[in-house]
Every structure is written in structure tokens, then in C-alpha cells.
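Report on one structure; see the data block that follows.
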Protein chains: 2
Amino acid sequence: MPRTTGPPGVSVSSKLLAVLGCFDVHRPTLTLTEIARQVDLPVSTARRLILELTEWGGLERLPDGRYRVGMRLWEIGSSAPQQRDLRDAARPFMQDLYEATKENVQLIVLDGLEALCVEKIYGTRAVPTETNVGGRMPLHATGAGKAILAFSPRQLLVDLIDAGLARCTPYTLVEPGRLAAALKKTRETGLAYSQEEKTYGVVSVSSPILDTDKQPLGAVAIVARLGAPIDRLGPAVRTAVLSISRIIR
Amino acid sequence: MPRTTGPPGVSVSSKLLAVLGCFDVHRPTLTLTEIARQVDLPVSTARRLILELTEWGGLERLPDGRYRVGMRLWEIGSSAPQQRDLRDAARPFMQDLYEATKENVQLIVLDGLEALCVEKIYGTRAVPTETNVGGRMPLHATGAGKAILAFSPRQLLVDLIDAGLARCTPYTLVEPGRLAAALKKTRETGLAYSQEEKTYGVVSVSSPILDTDKQPLGAVAIVARLGAPIDRLGPAVRTAVLSISRIIR
């Protein structure tokens, strides 16, 4: 590879990254026009950047002309060690939790003001859920989000309330006082619940994975159909996160 | 974002991608110097590219000064749909296979001349294995690799032999004739084995997931400690991949 001599080119590489940033779990395939519009670039420039990303293996072109993230980028992303350590520690216990309950088991971390699903275990018998690995959820409307929120610095709650608590269903806790009361209870019990607060017919129970400073590294949640005995599943979730916390430390 | 007016800047963005390409599962954290050396760039240039990638969220700087892949890149990589479809279809059946056997269950795809692990299920009772999600393995020395190889166009075997069959252990099939004979048997039975051919003390049994044209989309493997009854586990693996193949079609 030639040594650099030209201008810094920050602008070109920022455009390249902006193209990559168009893709996520909710927009897994995009057309050239969609990408160009989203990054506000002429189609000719977008085409050139996409071509370079495609040659490198970061994007792939589908027969219908759409683009998707390529194997190479998936592989590089998979190496993210901050995820790996937590996932590697959590996975076997999540596995046991699934076996004991046959329900969806998710590993959630905080990212910005949202909950991000980094691992999920489910079998042929669990109810299908909306959230996949790489998917995001509102903190205040999910069991895992509330488990993380309850043990995070208070500023996170303040920022979240400032940003506005979206109403996902009529059961979502959108009044700051009710949310704060639920978080207080979670700090006492180590367990957080969502009773159809994000999705109709879906309930969850979650507990945080805490580091030695009692700060949350993430949370494990069981997500089940309304009617599942989540009160009874709470202790199982709690047991799993305590084991994970011990391994992580 | 400003409209492009300057030079194409292919060189700058290719350097940026080269920096990203330094990271993989085997090299999850790198120093500035290591990155500069690997992409053959002056440290100052590498520093600038790394800074830009860090600001974007593609890399993260650790307290000790090393760099690792950031959450944002992990998230974009997670959206790769070619992996998602296969993984989503395979996961529940891999889960059942784990439950029935309590052994490591892996989902492997072909990438270039190597086998790439894209999903893995293991519990607290399974033997620890070397290969994690995002990890690569030689095709000729693993059950999954041989399962894929057996059902791939013959040119793949030719290319692999041309590239040289590495000897991982004294049991690795490095003679083309013996490998071809094993693949012939796999085509007859739908099952491929590795008897300590990659790692001492580790055995595996695998079967390919075939599309409607009988081309392999990937393979599911059970990886177990030497002494595990992999002959008896074969039919379970075969059952799982037939179910996955049916779903995928």
C-alpha cells in the first residue's frame, strides 16, 4: 500500500463511514438511491463509495440491485471484545435459563439512551419476539431496560425523561413519577418487569449483571407471552445473572 | 454533509478500510503501532484514521491505549442479512440439538477457502472449544468443512488442494486421495466426521444444509470431546439440518 502524501481526506472517509452507517438491523438492505439520499450525496459519489466498500467486502450487491452488509464487515464486527466477554460469560447461563423455562432469553446492554440486544436464545417452542440480536428497545418500556436504568447513575434517568418517554402501549410508564417508583422497587428486589409495556401480549422479567462497583454491565431478560408465570421466573433470572456477575468479576 | 467536489480520494478511504480490516476475532485489540505496521502507513496517518474511526464509533480506545472494534461497527455487522436468514432458521433447531446432546453445536458457512463459524450454542456442561462466532477453520480438517466441501462444486476441492492441505494433527487428511474418499462417503451418507483432525482430543460430526439445487448453504456440527458417541449423534445432526433446509427453502 502506498504511503500517504495527499490531503488528509477526512471528508472522503467520513462519507464512506456515513454510507456504512446507513445499514442496521431495521434497514438491512438499501438501494443506491436510498443510500445517496440518506447521506446527502450525489448518486455518482455514493456509487463510487459503495463500489469501494463492495470490493473490500464490507457491502454486497444483491441480484435485484440492492446492497447489504457483507461477510467481511460482519466478521470484523463480531470481534468486538466488549460484547464478546459479556456474551461469552453470559451464554452458558442463558442457555441453562432457556432449558429451565423454554422461553426467550435475551442479553441486553445500554447504548446511549437505548437498550441494545446483544444475544438471544430461543428454541422451537418459545414465542416469536420482535427483538433480534442488534435490535434496539426503549429503556423505560422493557424489563431489561428498567433493570439497567435502576442501577445506572441517576443522570441517565434524567436524560431519558428529558428526551421524552415514548408511549408504546397504554401500559407504558410514561409518567416520570411512576417510572421512578418502579425503578426503586427494582433496586430493592433486583428484578424489573414489563407488563405489555412495549408490546401487547408480551411480558418480561429481567435482572441486571453488576460489576464490582455495582454498576450494570447489562441485563438478562426472559421475554414471554402474556400469561406466563413471570413472577415465578424471576428467581431463575436472578440466579443466572448472579452467576454471570461472579464469572465476569 | 457537504457535496463532494474534491478528488475521488479512493486512496484515503481504502486506507481507512485497511485499518478496519486489521481487526478480527484472533486480533481483537491492537495498538496504534501494530495497526500502522500492518497497513504499512506512517504512524501519523494511522493515528488520524483511527481517530476518525473512533469518533464515528467504529473503534474504541481502551485505557491502556489499545484499540478494539466499537459497538457501532458490531451493530452494523450484525445486520448482515445473509447471515441472519440462515442463523434465524438454524438457531431453534441448533437449540434443540444442544438440549438433546448437551454438546457444542456450531453453524458453519463457507468463506473463501475456509470454514467460518457464524453461530454457536453451548451450555455450562459442554466441553470448551477453540472456535467462537467469527472464527475460521480449515475446511479439510473439520467435520463441518468436509460436509460443505463434499457438496460444493469440485473446483473448490481443486483450489483447496492447490493451496495446500495444512497438517493440524497427525490425523489430518493431507493426502488428496484420502480426503476425496472421505468426501465421497459424506456424499453418500450426508454426514462428515473429524476424528482429532484439527485438534487433539476433539471430534466432530456434521451435515450440510442444502438449498433446492443441492448446494450447501452451510453446515451444522456437533463438536465434542474424544470418546463422545459421535456415531450415535450423527442422526440427530442430520435431522436438525433437514429441518433447517426445509425452513430455508
query = Counting only residues 5 or more places away or on other chains, whose amide H sits under 5 Å from the amide H of A:LEU217 once H atoms are built in the peptide plane?
reply = A:ILE209, A:LEU210, A:ASP211
remark   = Rg from C-alpha atoms of the range A:1-142, normalised by the globular rule of thumb 2.2 N^0.38 Å, equals 1.30
query = For the range B:217-249 and the range B:112-150, what is the separation of their C-alpha centers, rounded to whole Å?
reply = 12
ask   = Given H placed 1.01 Å from N in the peptide plane, which residues other than close sequence neighbours of A:LEU59 have an amide H under 5 Å from its amide H?
value = A:THR54, A:GLY70
Over the range A:1-118, relative contact order from alpha-carbon pairs under 8 Å, at least 6 apart, % = 15
note = Distances in nm between the label point of A:VAL127 (7 Å along Cα→Cβ) and its equivalents in the other copies, shortest first, are 4.0
ask   = For the charge dipole of the range A:10-77, defined by +1 on Lys and Arg C-beta atoms and -1 on Asp and Glu C-beta atoms about the Cα centroid, which residue among A:GLY57, A:GLY70, A:SER44 has the Cα displaced farthest towards the positive pole?
value = A:SER44
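Once you sort the root eigenvalues of the Cα gyration tensor of the range A:41-111 as a ≥ b ≥ c, which label holds: rounded (a/c under 1.5), prolate (a/b larger than b/c) or oblate (the other case)?
In terms of gyration-tensor shape, prolate.
Just tell me how shielded A:113-121 is by partners: mean number of partner chain Cβ atoms within 10 Å of each residue's Cβ, no decimals.
Numbers: counts 0, 0, 0, 4, 1, 4, 0, 1, 5.
Partner-chain Cβ atoms within 10 Å, mean over residues of A:113-121: 2.
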inquiry  = Compute the helix-to-body angle for B:43-56: its Cα long axis versus the longest principal axis of chain B, expressed 0 to 90° and rounded to tens.
reply    = 70
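If you take each beta carbon of peptide B:55-62 and count the beta carbons of other chains within 10 angstrom, what is the mean? It would help to have the intermediate numbers written out before the result.
Numbers: counts 2, 7, 3, 5, 1, 3, 0, 2.
Other-chain Cβ atoms within 10 Å of each residue's Cβ, averaged: 3.
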ask   = Per residue of chain B, what 222 nm ellipticity follows from adding -39500 (n - 2.57) for every DSSP H run with n ≥ 4, rounded to the nearest 500?
value = -14500 deg cm²/dmol
key: Cβ-vector label at 7 Å, A:ASP231, separations to other copies in nm   = 5.3
Between 0 and 90°, nearest 10: helix A:176-189 axis offset from chain A longest Cα axis = 70
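Rg to Rh ratio, the range B:121-249, alpha-carbon atoms and Kirkwood radius? Write out the running numbers ahead of the final one.
On the way: Rg = 14.1 Å, Rh = 14.9 Å.
Computed over Cα atoms, the ratio is 0.95.
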ask   = Measuring from a point 7 Å out along Cα→Cβ, what nm distances, shortest first, does A:TYR171 have to its partners in the other copies?
value = 5.2
query = What is the dipole size for the protein assembly as shown, taken about its Cα centre, with +1 at each Lys and Arg Cβ and -1 at each Asp and Glu Cβ, in debye to the nearest 20?
reply = 180
ask   = Could you list, bin by bin from short to long, the percent of Cα-Cα pairs of the range B:10-77 in 5 Å steps?
value = 4, 18, 32, 30, 13, 3, 0
task = Taking only Cα atoms and a 10 Å spring cutoff, compute GNM fluctuations for chain A and point out the largest among A:VAL223, A:VAL127, A:VAL205.
result = A:VAL127
inquiry  = Could you compute Rg(Cα) / (2.2 N^0.38 Å) for chain A, with N its residue count?
reply    = 1.16
ask   = Which value, to two decimals, describes the C-alpha radius of gyration of the protein assembly as shown once divided by 2.2 N^0.38 Å?
value = 1.01
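What is the dipole size for the range B:80-248, taken about its Cα centre, with +1 at each Lys and Arg Cβ and -1 at each Asp and Glu Cβ, in debye to the nearest 20? Show your work: numbers first, answer last.
Values: 20 positive and 18 negative charges, 61 e Å.
Dipole of the range B:80-248, to the nearest 20 debye: 300 debye.
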remark   = At the level of C-alpha centres, the distance separating the range B:193-207 and the range B:43-64, in angstrom, is 40
ask   = Along the axis that rotates chain B into chain A, which residue of chain B has the nearest beta-carbon, and what is the gap in whole Å?
value = B:GLY77, 1
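Quick note: the coordinates plus some simple rules give every number you see, no bench work behind them. Only a predicted model underlies this, so the values are computations on that prediction, with no experimental measurement involved. A quick note on method: Cβ atoms are made from the backbone with ideal geometry, for glycine too, and the neighbour counts reach across all protein chains shown.
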